[in-house]
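Chemist: Below are the structure tokens for one structure; questions will follow.
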Amino acid sequence: MKSALNEYLSSLKGKRTAVIGLGVSNMPLVERLLDAGVPVLACDKRRREEFGGAIERLESRGLETALGPDYLDHLDGAQVIFRTPGLRPDVPQLAKAVAEGARLTSEMEAFLSLCPCRIIAVTGSDGKTTTTTIIAGMLQAAGYRTFVGGNIGHPLLCQVDEIRPDDMVVLELSSFQLLTMRQSASIAVVTNLAPNHLDVHRDMEEYVSAKRNIFAYQDACDQLVLNGDNEITAGFAQQARGKVTMFSRKRALERGVYLKDGMVMYCGRPIVHAEDIALPGEHNLENYMAAIAVVEDLVPDEVIRSFARTFGGVPHRIELVRELDGARWYNDSIASSPSRTIAGLRSFAQKVILIAGGYDKHIPYDVLGPEIVEHVRALLLTGDTAEKIKAAVLAASGDRAGELEIVDCADLAQAVERARALARPGDVVILSPASASFDRFKNFEERGNVFKELVNALQS
């Protein structure tokens, strides 16, 4: 009896299949397609020499390649195209191929169609990775065999035959992945929504529409978990086809997860005290509320409480790097938007030394200005968005303009050096850029790792 994956791959035999983007998720896909005898064209904007011999190895197995700046100009005759998430589906070359009969899909879309077990999918502007990790961790602690994928974990399509019907899959999904999605998870979570990725999406309307796909194809038996304190996500409840569970930090809910007298409650029942949650910050409290809304019928309360007391968080998310001469240094490189940085700033009772700035995603920074004035005593700026952040701060400071020191830095290394000179015992220094990393780094992980190396190299 053929497995689900082998049947899927067999359906592609004889069809010219293009895989766009040879990244973490698509490289294993190319290998499996070649194993199955599928004719594969691999398209990537990187040049041959950047792959360190991997391309030649795959070409020896029959792979056809289109590399370099014109990598999308060779799709003529493609019948199936696997899109990399960061590539818009309406770029002229893709649109032309689809118009000529090609079927556009992705590794994640194929996985959703083949996965035999219950899928929990998480999206939002902020908190996706932490919420996904919390949900998966609680399920694992309760004894479920759990697979984690999407933006984190491992590519799951090539593992689909290992997954059993009684297992659990937890996915973190970005707006780029959801943009063309036509299938929804049985449990969908939207943590919050605010302007983000407007350098790729046409406008906020398209961004929100992409996020909506996480639940748009659910049925009456499915569940949608929504942030009741966020105007956009709360509005999704009216469009849901399945059961809706809200979570709210600000008000009690008749059915849902909420905060009452410092206790996280579920439908009137106490679950865990907010002070027992190891992760700092109101945003992490909301992440736990979202996770509890998902697992409450699956995980015993005591397991939830034990996990909350011991889980130390995900790297690059208000990650304590070290304490140096009485000052604590935190890596919050994941904060690629103003809303994420605001959440980080509000996690501390004192004013902090903030390192911010990076790649410009063409999102507004006006909401960040007042928060920096309120929560920051020294602001060190670097990267493409430095001037936009400074302008927002100056516009918000008014008669408090002299209270905040603003320093322009050539790069992250200089910002760390300047922060070292400014830090006093008891201070908090935090990298929370409010911007993407792509002006100078491959991704936010690389930016965070460089920051940690710089901080750990500082001499006492």
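Chemist: Can you pull out every residue in the stretch 133-180 that is assigned to a loop (DSSP other than H, G, I, E, B) and under 25 Å from residue 444 (Cα atoms)?
Modeler: 151, 152, 153, 154, 155, 156, 173, 174, 179, 180
Chemist: If you don't mind, there's one more thing I want to ask. Could you count how many residues in the stretch 40-80 are open to solvent by 40 Å² or more (accessible area, probe 1.4 Å) and in a helix (DSSP H, G or I)?
Modeler: The number of residues fulfilling the criteria is 6.
Chemist: Could you please let me know if residue 175 is of a type in the set (Ser, Thr, Tyr) and surrounded by 22 or more Cβ atoms within 10 Å (Cβ to Cβ)?
Modeler: So residue 175 fits the description; yes.
Chemist: Could you count how many residues in the stretch 406-437 are surrounded by fewer than 18 Cβ atoms within 10 Å (Cβ to Cβ) and in a loop (DSSP other than H, G, I, E, B)?
Modeler: So the count comes out to 5.
Chemist: Only residues that are open to solvent by 80 Å² or more (accessible area, probe 1.4 Å) and under 18 Å from residue 176 (Cα atoms): list them for the stretch 81-97, please.
Modeler: 92
Chemist: Another question, then. Suppose we keep only residues that are open to solvent by 40 Å² or more (accessible area, probe 1.4 Å) and not charged (D, E, K, R) within the stretch 376-394. Which one would you say is farthest from residue 441 (Cα to Cα)?
Modeler: Among residues in the stretch 376-394 that are open to solvent by 40 Å² or more (accessible area, probe 1.4 Å) and not charged (D, E, K, R), the one farthest from residue 441 (Cα to Cα) is 394.
Chemist: Among the residues of the stretch 233-248, which ones are part of a helix (DSSP H, G or I) and either more than 16 Å from residue 122 (Cβ to Cβ) or basic (Lys, Arg) (or both)?
Modeler: If the condition is that a residue be part of a helix (DSSP H, G or I) and either more than 16 Å from residue 122 (Cβ to Cβ) or basic (Lys, Arg) (or both), then 234, 235, 237, 238, 239 are the ones that fit.
Chemist: Can you name every residue in the stretch 10-35 that is assigned to a loop (DSSP other than H, G, I, E, B) and either open to solvent by less than 40 Å² (accessible area, probe 1.4 Å) or not β-branched (Val, Ile, Thr) (or both)?
Modeler: 12, 13, 14, 15, 16, 21, 22, 23, 25
Chemist: Okay, next question. Kindly indicate whether residue 123 is more than 22 Å from residue 11 (Cα to Cα), open to solvent by less than 20 Å² (accessible area, probe 1.4 Å) and modelled with pLDDT under 95.
Modeler: Against the criterion (more than 22 Å from residue 11 (Cα to Cα), open to solvent by less than 20 Å² (accessible area, probe 1.4 Å) and modelled with pLDDT under 95), residue 123 does not qualify.
Chemist: Further, regarding this structure: Taking the residues in the stretch 99-114 that are open to solvent by 60 Å² or more (accessible area, probe 1.4 Å) and part of a helix (DSSP H, G or I) as candidates, determine which candidate is farthest from residue 161 (Cα to Cα).
Modeler: The qualifying residue farthest from residue 161 (Cα to Cα) is 99.
Chemist: If a residue has to be open to solvent by 10 Å² or more (accessible area, probe 1.4 Å), out of contact with any Gly (no Cβ under 6 Å at 6 or more places or on another chain) and in contact (Cβ under 8 Å) with a residue 40 or more places away in the chain to count, how many in the stretch 344-364 make the cut?
Modeler: Going through the stretch 344-364 one residue at a time, the tally reaches 7.
Chemist: While we're looking at this one, here's another question. Just checking, which of 317, 309 is buried (at least 23 other Cβ atoms within 10 Å of the Cβ) and out of contact with any His (no Cβ under 6 Å at 6 or more places or on another chain)? Steps first, answer last, please.
Modeler: On the way: 309 fails: buried (at least 23 other Cβ atoms within 10 Å of the Cβ).
The match here is 317.
The values are calculated or read from the model by the stated rules, or taken from the named source; none is laboratory data. Fair warning: this is a prediction, and the values are worked out from it, not measured in the lab. Positions of Cβ are generated from backbone atoms using ideal geometry, with glycine treated the same way; all protein chains shown enter the neighbour counts. Areas reflect the complete protein model, heavy atoms only, side chains present, ligands, DNA and RNA absent. Shrake-Rupley method; radii C 1.70, N 1.55, O 1.52, S 1.80 Å.
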